[in-house]
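Heads up, the thing below is written out as structure tokens.
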Ligand SMILES: Cc1cc2nc3c(=O)[nH]c(=O)nc-3n(C[C@H](O)[C@H](O)[C@H](O)COP(=O)(O)OP(=O)(O)OC[C@H]3O[C@@H](n4cnc5c(N)ncnc54)[C@H](O)[C@@H]3O)c2cc1C
């Protein structure tokens, strides 16, 4: 069998899983290379623990190389262009060829798209932002904290309510909760709209119990940071004392040039195989655009959320698809639409939402009890993800597997 050259662009969640799966499945004669611009990987699901002071930056960051199996080449560089016709990728310093390509470049955050946002807002969507926000929360003397979803789509739809509940918990810990008034403002019609009205109502209730106001259908136009005011397209302006933004997201601009994107700028893929319109190019994770059945909100088409859990499963599927192609197999290992998330609610507790996002006529999800178990489940997953290959990683994997079986975590997770 002729050896193949497999190139993975992006060493985040999807890229790391895809590379490790491919290395596990394929003989060493096949070359696997990952191109990543950063030396270190930071685990985004832990950023909110950096924000509330439970983690320092070094606790949630690891060298990319340490998270990969042996036998995977890492090129540290910035991808500038993909040339599908020539099966080539151009980086700042190299030209790399491939037989199979996996695009796992994630989503970029573009504060500049909304006037005044960069100047006026904190964020927990970046590691440095989460650390800065921790200092700002400590220094906060009281007033209105507005958490604003600045545009759609954005990664991790559970993050705004989760962030709000952890901030409420932060002030409760210091017994200053009476000094803050926390609100979420979003263009969506309910929390996690993709998960349907039932789950949305459960999250609204959780917010209400913690005194957090939820303002749906607020589409941000600009931020007048000099007078601390949010300006919306159709609603009255809203004053704030501290602004925390979920910034606008976009796929890397280089993907537009390569002819891989749709009008919205994301990469459409086959929802089962994750193939792009090019036979030997796959796209996984946040960079993709996958429509799903159902429509709760007539103004917002239903898309598979951008989340680590999907980037992870996509990585496994793309690896299986490439393995199939190399070995002349076809049937195994499509993406089924199953997903889950653990939402921290403060006080060392979390809820677990799971279900089938491809279910007809619309996604079927449910939120289980809020308990300490899911909080510890999230911590365990973090420890597993950030540990390097070896005994420790296998130990955490075993505990997660046993725990998953006892708690009946849905298939595929
Ligand atoms: C605060 C927060 C909390 C979250 N919590 C959860 C959660 O609890 N559960 C969950 O499922 N998801 C969560 N997510 C979402 C999750 O982190 C993302 O959906 C996931 O990381 C997407 O994986 P990916 O591989 O598609 O992209 P990423 O993990 O973002 O990886 C993309 C990689 O590509 C690299 N890259 C980009 N451009 C270039 C280039 N031109 N050249 C070279 N390299 C490049 C980047 O450096 C990065 O390493 C959270 C996100 C945030 C921000």
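The values are calculated or read from the model by the stated rules, or taken from the named source; none is laboratory data. The shown structure was predicted, so the numbers you read here are calculated from the model rather than taken from an experiment. So basically every Cβ, Gly included, is an ideal-geometry build from the backbone, and we count neighbours across all protein chains shown.
Quick look at the values:
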read-out: Residue 23 more than 13 Å from the ligand (Cβ to nearest atom) and not in a loop (DSSP other than H, G, I, E, B); value: yes
read-out: The range 304-337: number of residues that are touching a helix residue (DSSP H, G or I) at 6+ places or on another chain (Cβ under 7 Å) and closer than 24 Å to residue 363 by Cβ; value: 14
read-out: Subset tally (residues that are more than 30 Å from residue 154 (Cβ to Cβ) and within 14 Å of the chain's Cα centre (by Cα)) for the range 302-331; value: 0
read-out: Some residue of the range 45-52 being assigned to a loop (DSSP other than H, G, I, E, B), touching a residue at least 60 places away in the same chain (Cβ under 8 Å) and not assigned by TED's automatic domain parsing to the domain that holds residue 124; value: yes
read-out: Filter result for the condition that a residue is within 11 Å of the ligand (Cβ to nearest atom) and touching a residue at least 24 places away in the same chain (Cβ under 8 Å), over 82, 72; value: 82
read-out: Residue within the range 225-237 that is under 30 Å from residue 176 (Cα atoms) and within 16 Å of the ligand (Cβ to nearest atom) present; value: no
read-out: Subset of the range 110-134 [within 16 Å of the ligand (Cβ to nearest atom) and not in a helix (DSSP H, G or I)]; value: 110, 121, 122, 123, 124, 125, 126
read-out: Residues of the range 91-126 classified as closer than 19 Å to residue 261 by Cα and at pLDDT below 95, total; value: 0
read-out: Flag if residue 107 is touching a strand residue (DSSP E or B) at 6+ places or on another chain (Cβ under 6 Å) and within 15 Å of the ligand (Cβ to nearest atom); value: yes
read-out: Conditions (1) away from the ligand (no atom under 16 Å from the Cβ); (2) surrounded by fewer than 22 Cβ atoms within 10 Å (Cβ to Cβ); number of the one not met by residue 340; value: (1)
read-out: Enumeration of residues in the range 168-194 that are modelled with pLDDT of 95 or more, touching a helix residue (DSSP H, G or I) at 6+ places or on another chain (Cβ under 7 Å) and closer than 24 Å to residue 219 by Cβ; value: 182, 184, 186
read-out: Residue 355, sole failed condition from (1) in a strand (DSSP E or B); (2) under 26 Å from residue 395 (Cβ atoms); value: (2)
read-out: Which numbered condition residue 208 fails, given (1) more than 16 Å from the ligand (Cβ to nearest atom); (2) closer than 27 Å to residue 344 by Cα; (3) surrounded by 14 or more Cβ atoms within 10 Å (Cβ to Cβ); value: (3)
read-out: Conditions (1) free of Cβ contacts under 8 Å to residues at least 40 places away in the same chain; (2) out of contact with any helix residue (DSSP H, G or I) (no Cβ under 6 Å at 6 or more places or on another chain); (3) farther than 19 Å from residue 256 by Cβ: number failed by residue 88; value: (3)
